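Each value in this text was obtained by applying a stated rule to the coordinates, not by laboratory testing. Note that the coordinates shown come from a computational prediction; the quantities given were computed from them, not determined experimentally. All Cβ positions, even for glycine, are placed from backbone atoms using ideal geometry, and neighbour counts span all protein chains on display.
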Amino acid sequence: MRRQDASRLAESFHGVLPRRALRDLGVDHRMVRREVAAGRWRLHGRQTVALHTGPLDAYALGWRAIWEVGEDVAVLDGVSALRAAGMTGFDEDRIHVSVVHRHDIEPVPGVVIHKLIRRSPVDLAPSGVPRARPAVAAIHAAHWAVTDRQAALILCLPVQQRLCSGAHLLRARRSVHGRTRRAFIDGVVRDIADGAESLGELDFAGWCRIRGLPEPERQVLARGPNGRIYLDVRWRNGLVVEVDGSGHRQGLSVADDNLRANAVTLADDTVLRIDLVGLRLFGATFLDQVYAGWQLCESRRWVAVAGSR
């Protein structure tokens with residue numbers, strides 16, 4: 001009966017339980033040892049017992065990390081908190097947890113422990129596995145990321161998947177202070193929250209002047225298939241650059257897609273598309289394409305002028 005009670009309770013924790021919960025059910029360390037020796041259960045640290053012998057899924061690994069680090073001090077954070085909230089499109093082998101810096105924590109295999117200066121109760125999700133709210137977790141994960149590209153992807157995905165909004169990211173950014181890539185994260189968060197309105201902050205015209213291009217016109221009124229439209233950037237020779245806010249498209253792969261699509265577009269058309277986050281990550285390459293597009297449009301314009309004579 002105790003084994004059955006433990007199995008029913010473990011279903012809520014994806015097949016694992018802490019020793020504390022087992023003791024509350026009347027399962028002491030001797031019974032745990034017998035079940036493990038019989039090949040029915042398996043230990044996953046000092047506190048975590050799996051009531052099966054198979055691999056642990058991501059949710060069970062999250063609970064294990066909490067129990068092994070200390071359920072009274074640790075919460076899932078960063079990418080691990082986002083995945084627990086339902087985020088897809090990003091894989092991470094290790095589990096990330098955060099603790100307040102005053103706690104001394106022993107290392108746990110497979111777990112990355114991050115120490116925070118402070119933690120507010122409003123930063124935590126109200127239910128489920130103890131974890132940071134998506135916006136807070138995304139800002140932390142961006143600071144802990146290996147590269148700028150990875151950081152930008154982690155910031156984009158939870159907004160695109162409706163786990164939090166751009167406004168939530170902005171608020172979290174004001175209260176969460178990391179040690180790395182602060183200016184980059186500030187810029188990407190503004191891009192995600194404000195969309196194409198952030199183009200002015202990027203000083204696109206200034207970048208064009210550095211590349212030897214004349215200053216383009218901004219927000220040019222044109223007629224589209226369904227009425228009037230505004231073009232983000234346009235030169236008099238006919239080259240148009242449309243800058244997309246990151247919230248309208250899926251994942252950071254959009255940056256790679258834009259680079260490929262632009263290369264093809266240069267052969268046939270005069271419209272280039274750039275996403276804001278991609279512009280921050282691959283600015284030099286995108287501006288190379290803008291310069292090539294401007295040259296192409298100039299040559300076409302002079303050919304047309306010569307033909308008219």
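For the reader, a short list of remarks on this structure follows.
- Highest to lowest packing among 207-215, 278-286, 78-86, 97-105, scored as the average C-beta count within 10 Å: 78-86, 278-286, 97-105, 207-215
- Unit charges on C-beta of K, R, D, E only; dipole of the range 94-189, Debye: 220 debye
- Since only 18, 139, 109 are under comparison, the one whose Cα sits farthest along the positive direction of the charge dipole of the range 1-157, derived from C-beta charges on Lys, Arg, Asp and Glu, is 18.
- Measuring r between the beta carbons of residue 36 and residue 103 and using R0 = 41 Å, the FRET efficiency lands at 0.90.
- Largest first, the extents of the alpha carbon coordinates of the range 115-177 on the three principal axes equal 30, 26, 22 Å.
- With θ taken as phi - 60° and the Karplus curve 6.51 cos²θ - 1.76 cosθ + 1.60 applied, the whole-hertz 3J(HN,Hα) list for the range 142-151 is 5, 5, 8, 5, 6, 9, 4, 4, 5, 4 Hz, x standing for glycine and proline.
- Label-to-label distance, residue 115 versus residue 91, with points set 7 angstrom from Cα along the beta-carbon direction: 3.3 nm.
- Scaled radius of gyration (Cα, divided by 2.2 N^0.38 Å) that the range 89-219 gives: 1.26
- Cβ charges +1 (Lys, Arg) and -1 (Asp, Glu), total dipole of the range 1-56, debye: 220 debye
- The chain - Debye-derived log10 I(q)/I(0), Cα point model, q = 0.15 Å⁻¹: -1.10
- Cα convex hull, the range 1-56: 70 Å³ per residue, rounded to a whole number.
- Residues whose placed amide H lies under 5 Å from that of residue 244, excluding near-sequence neighbours: 274, 275, 276
- Interchain or long-range residues, amide H under 5 Å from residue 75's placed H: 98
- Taking the average, over residues, of other Cβ atoms within 10 Å as the packing measure, peptides 107-114, 176-183, 270-277 rank 270-277, 107-114, 176-183 from highest down.
- Look at the alpha carbon pairs under 8 Å that are at least 6 residues apart: their mean separation over the length of the range 1-56 gives a relative contact order of 36 percent.
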